[in-house]
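The values are calculated or read from the model by the stated rules, or taken from the named source; none is laboratory data. All values derive from a computational prediction rather than experimental measurement. Note that each Cβ is placed from the backbone with ideal geometry, even for glycine, and that neighbours are counted across all protein chains shown.
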């Protein structure tokens, strides 16, 4: 599988996880299970941090692909 596609798939999965965790936090808070809500909140923070890492990885990958593409064009133009 294409590395960019893998990164995008991981980002999508983490975003879906965050959506689920938001719902869980709301549910646990509603019924008074505050410790569980806090635990899911920490899990959500970890997922958001992972999304940020993946977004940076995606940017670096795209930058590297762009540099390689530019270098190939320069070699061809010689």
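Kindly indicate whether residue 11 is at pLDDT 95 or above, surrounded by 12 or more Cβ atoms within 10 Å (Cβ to Cβ), part of a helix (DSSP H, G or I) and within 14 Å of the chain's Cα centre (by Cα). It would help to see each step written out before you state the result.
Details: at pLDDT 95 or above: yes; surrounded by 12 or more Cβ atoms within 10 Å (Cβ to Cβ): yes; part of a helix (DSSP H, G or I): yes; within 14 Å of the chain's Cα centre (by Cα): yes.
Here the answer is yes, as residue 11 does meet what is asked.
I need the full set of residues from segment 2-24 which are farther than 11 Å from residue 57 by Cβ and in contact with a helix residue (DSSP H, G or I) (Cβ under 8 Å, 6 or more places away or on another chain), in order please. Reasoning before the result, please.
Applying the first criterion (farther than 11 Å from residue 57 by Cβ) to segment 2-24 yields 2, 5, 9, 12-24.
Passing the criteria: 14, 15, 17, 18, 21, 22, 24.
Can you name every residue in segment 16-42 that is surrounded by 13 or more Cβ atoms within 10 Å (Cβ to Cβ) and either in contact (Cβ under 8 Å) with a residue 24 or more places away in the chain or not in a helix (DSSP H, G or I) (or both)?
17, 18, 21, 33
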